[in-house]
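Data block below; observations after.
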Amino acid sequence: MIRQATLADVPRLVAMGREQVAAVYDGTVPDDPEQVEATVRSLLDGPHVATFDSERDGVVIGMIGLLRFVHPVTGLATVGEIMWWMDPAARGTGVQLLTRAEQWAADVGAVTLQMQAPTPRVEQLYVHRGYRRAEVTYTRAVTLTPHAVTVVDDVLDDVASYRTQCLAQPFGDVATAAGVFRGIAPVPDASLTAWLVGRWPQLLPTTTFLRRSPLDQSEPHLVHTDQDMGDWTALYYLTADPPAADGTTFYRSRLTGARRSVAETAEDRGLEAVLWADREAWEPWHTVQARPNRLVLFPAAYYHARAIPANYGTAETARLLQVTFGTGTVPGG
């Protein structure tokens, strides 16, 4: 018997949906019971969705879930299969569910019906019923790669001498619209900016300064962007013996997955900055370890933060950076 599925069928439909994930997707799709249940429930009631059960002796042995939508390429009313599964012991009777799906597609005014063929046997069934192959789908996990984050070691010839000159500069507080930045000092000379321009002639440094950050120094932000300062950020690590955990961590939004800000106005950036304080809203995706005489260059719009939130050290052992901002396009950016 083929009938409309109901809320009472949800546990059985979820179990069958998980069986389909395990058997058809072969590890390319994670087993997420909560998401399967959410999908099942979303397909139970509404003018654009339908789920049908196949019953034998009062036991659900098969199900098919369908969604009516406007095809993004053709603009045609289309019905697509979301899930279709038969108990292995009942294979051969699934065609009855397919027939019911075809009837529902006609009832809701669809022009085309899209079905998935996980096996050659199912593909043969479709061809026999007049279906034509439209495409083959491939799946690969998306790997977050730091393609626009450039790391260069051994930047200056005599980093020890340069560090000594940096530590001799007068460090103090600087108040900005974003907050008070502590431990700021002018750079002793143009060695680093000259190196940057020599390496990447398309980059124009506009601002550079030293920043010393001892343990528990208060900071305006943890996760943040530097897009108010230009197109790119360069961080030059100067601490002589940094902890292994020190460095710069890049973050992405847990809500959107975005790794860089798309805020275009001061108002948008202000609204986004409110989210920076919510530690639960962000997850790290890449960290560059701090090493003396190492520079990391990246788009200023990337969400990032110091890898050790509390900073570390005192006086000459404190975290020491030269920060440079500028205009131009970084490699990969």
*Looking only at the stretch 323-333, which residues are in a loop (DSSP other than H, G, I, E, B) and surrounded by 18 or more Cβ atoms within 10 Å (Cβ to Cβ)?*
V330, G333
*Looking only at the stretch 68-83, and only at residues there that are out of contact with any Leu (no Cβ under 7 Å at 6 or more places or on another chain) and surrounded by 15 or more Cβ atoms within 10 Å (Cβ to Cβ), the one that is nearest to A5 (Cα to Cα)*: M83
_Can you find, within the stretch 158-212, the residue that is surrounded by the most Cβ atoms within 10 Å (Cβ to Cβ) among those that are aromatic (F, W, Y) and under 29 Å from W276 (Cα atoms)?_
F181
*asked:* Need a quick list: strands (runs of 3 or more DSSP E) entirely within the stretch 2-121 having at least 2 residues that are without any contact (Cβ under 8 Å) to a residue 24 or more places away in the chain and out of contact with any Gly (no Cβ under 6 Å at 6 or more places or on another chain).
replied: 59-70
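Quick test for you: out of L320, L295, pick the one residue that is buried (at least 21 other Cβ atoms within 10 Å of the Cβ), touching a Lys or Arg at 6+ places or on another chain (Cβ under 6 Å), modelled with pLDDT of 95 or more and outside any loop (DSSP other than H, G, I, E, B).
Exactly one of L320, L295 is buried (at least 21 other Cβ atoms within 10 Å of the Cβ), touching a Lys or Arg at 6+ places or on another chain (Cβ under 6 Å), modelled with pLDDT of 95 or more and outside any loop (DSSP other than H, G, I, E, B), namely L320.
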*Would you pick out the residues in the stretch 199-238 that are closer than 16 Å to A310 by Cα and part of a strand (DSSP E or B)?*
R211, R212, S213, H224
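The values are calculated or read from the model by the stated rules, or taken from the named source; none is laboratory data. What you see is a predicted model; the values in this text were computed from it and never measured. Here Cβ is always computed from backbone atoms with ideal geometry, including for glycine, and neighbour counts include all displayed protein chains.
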